[in-house]
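Take a look at the structure set out below.
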Amino acid sequence: MTADENPLLEGLTTRRAPEPCALAIYGASGDLTQRKLMPALYSLALRRLLPERFAVVGVGRSASTDDEFRARIREGIEQHARDPFQTDAWERLAAGMRYVSADPGTDGGTDELWRALGEVDAERGLGGNRIHYFAVPPTAIGSLIEDIGQHRHEQPGWTRLVIEKPFGRDLASAEQLNAEIAHHFVESEIYRIDHYLGKETVQNLLALRFANGIFEPIWNRQFVDHVQITVGESMGIEGRAGFYEESGAIRDIFQNHLLQLLALTAMEPPSDFSADAVRNEKVKVLRSLHTPGPKNIVRGQYGRGFVEGIEVAGYREEHGVARDSTTETFVAAKLYVDNWRWADTPFYVRAGKRLGKRETTIAIQFKRAPHPPFEISSVEPLKPNVLLIHVQPDEGVSLAFAAKVPGQGMALRTVHMDFLYGGAFRTGLPEAYERLILDCMLGEATLFTRADEVAEQWKLVDAIVAPWQRDQPGFPNYPAGTWGPAVADELLHRDGRSWRRH
Ligand code: BG6
């Protein structure tokens with residue numbers, strides 16, 4: 001039985017149905033729309049989780065007809081959706097799809113957009129409810145927000161803004177963007193998206209910590225030796241040189257996905273799962289982060305190498321990248337959360353492109369047993385207990401502990417107790433964007449980033465990158481297909497530790 005025949009398998013039907021609305025997507029011809037947003041909408045349509053009355057208005061600079069737009073989106077769905085293509089679900093979605101070209105900087109440049117939104121509203125009975133989704137770089141947002149702000153009261157219903165990461169490129173630009181938005185919108189209308197928060201396994205971290213009695217008592221400096229968070233990608237920059245040259249690993253992954261994983265791992269239990277309670281706790285962690293000195297930050301850039309047996313170009317050889325680019329494609333850091341729970345417990349974090357494989361994990365490494373009361377004739381050096389959260393792929397949780405090898409004597413070996421999503425639940429995992437788009441339609445902001453959170457993330461990044469302007473890094477410093485530069489290993493070796501093996 002498939003999920004669309006039995007949506008109960010998805011566990012989502014206990015939620016209320018979203019109100020009718022229109023979704024305007026800016027950056028409709030872009031990669032994100034084609035690969036992620038529309039395939040997510042299609043999967044929601046397939047499971048009948050979208051509002052009964054719904055429309056999508058794709059907005060871009062280039063001219064295109066509705067039919068061309070639909071054809072492009074259909075291709076994206078066929079290639080990237082997690083569900084097989086089904087004509088009836090596609091037709092339901094496509095019937096409400098329009099495309100308009102708009103040029104927000106010019107006089108009358110968005111007239112066609114407002115006309116189209118008015119038309120779909122009247123034709124489909126959407127009650128004037130609108131989500132404006134910005135799948136465009138932060139610099140392209142300001143003039144659009146102003147325009148939307150001026151038109152928002154022309155119709156009844158609610159207006160919400162979804163803004164992709166990175167939100168600004170430093171603290172000053174993020175604050176400026178927040179100020180521009182605040183002219184017309186209040187915080188509860190703003191959904192700053194970090195799609196990692198929509199991942200099932202990331203939400204499961206909260207379930208693991210706060211719905212079980214056994215972890216919380218040991219989730220602290222007394223029992224935890226250190227934490228390792230890895231966001232590894234085998235992919236390169238996938239033709240996104242323009243974006244990546246500006247952002248690098250620190251703005252693309254560290255500032256948002258990595259710090260969110262850290263905040264969820266380190267936060268105190270919230271009083272409830274409301275948007276403010278959860279976000280208050282995350283902000284406290286971000287505020288407690290100690291700014292690492294230059295010795296505790298490592299950056300890298302990949303050179304030519306082999307990924308999964310295939311030879312790939314170095315970063316500087318990628319199309320659109322400067323031959324002497326100093327953009328980092330890898331970053332690692334030793335961070336400390338200066339509070340009672342975590343004082344002196346290192347959080348080693350790393351993120352990079354063109355690493356050995358795609359793997360996002362959070363490893364909680366516990367302190368060793370103080371005194372094993374027997375002679376250990378171990379076949380291999382005994383490892384400390386590790387609780388490993390596999391965010392992706394092979395989603396699940398695994399606990400490493402020592403067990404006696406059967407036979408005479410007391411030989412011990414590390415074994416693993418595994419929970420695998422695929423085995424425990426008979427269902428595929430929804431894509432992060434499905435969850436987040438639906439949450440926005442329902443007005444639930446818990447899994448979105450609040451202004452003060454973004455500000456704290458930028459403060460840390462600004463402090464880290466400030467000295468980078470002065471030094472010339474010796475790039476490239478790791479071959480594609482490896483786990484980053486040797487200095488990243490030294491970061492842990494200095495402390496008598498090492499990164500988890502893959
Ligand atoms: C995006 C980054 O936010 O996340 C990309 O801009 C990165 O560079 C992507 O590849 C990774 O997402 P996921 O869900 O594949 O881990």
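Results for (1) within 15 Å of the chain's Cα centre (by Cα); (2) within 14 Å of the ligand (Cβ to nearest atom); (3) under 24 Å from N339 (Cα atoms); (4) hydrophobic (A, V, I, L, M, F, W, C), shown as yes or no for each residue.
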| position | (1), (2), (3), (4) |
| --- | --- |
| N178 | no, no, no, no |
| I193 | yes, yes, no, yes |
| T201 | yes, yes, no, no |
| R209 | no, no, yes, no |
| E233 | yes, yes, no, no |
| A241 | no, yes, no, yes |
| F273 | no, no, yes, yes |
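Close contacts from segment 484-497, counting a first residue that is touching a residue at least 12 places away in the same chain (Cβ under 8 Å) and a second that is surrounded by fewer than 16 Cβ atoms within 10 Å (Cβ to Cβ), with Cβ to Cβ under 7 Å and a gap of 6+ residues or different chains, come to L492/S498.
Residues that are farther than 18 Å from Q150 by Cα and among the small types (G, A, S) were ranked within segment 110-130; the one that is nearest to the chain's Cα centre (by Cα) is G127.
Got a number for residues in segment 157-173 being within 16 Å of the ligand (Cβ to nearest atom) and farther than 21 Å from P20 by Cα?
6
Candidates are the residues of segment 284-298 that are assigned to a helix (DSSP H, G or I) and surrounded by 22 or more Cβ atoms within 10 Å (Cβ to Cβ); the one that is nearest to the ligand (Cβ to nearest atom) is L286. Within segment 243-271, the residues that satisfy the criterion of being among the β-branched types (V, I, T) and either within 13 Å of the ligand (Cβ to nearest atom) or without any contact (Cβ under 8 Å) to a residue 60 or more places away in the chain (or both) are I250, I253. Being modelled with pLDDT of 95 or more, in a helix (DSSP H, G or I) and either of a type in the set (D, E) or within 16 Å of the ligand (Cβ to nearest atom) (or both), is that true of even one residue in segment 129-150? The answer is no, given that none of the residues of segment 129-150 is modelled with pLDDT of 95 or more, in a helix (DSSP H, G or I) and either of a type in the set (D, E) or within 16 Å of the ligand (Cβ to nearest atom) (or both).
The values are calculated or read from the model by the stated rules, or taken from the named source; none is laboratory data. All figures in this text were calculated on a predicted structure; none of them were measured in a lab. As a convention, Cβ positions derive from the backbone with ideal geometry for all residues, glycine included, and neighbour counts pool all protein chains shown.
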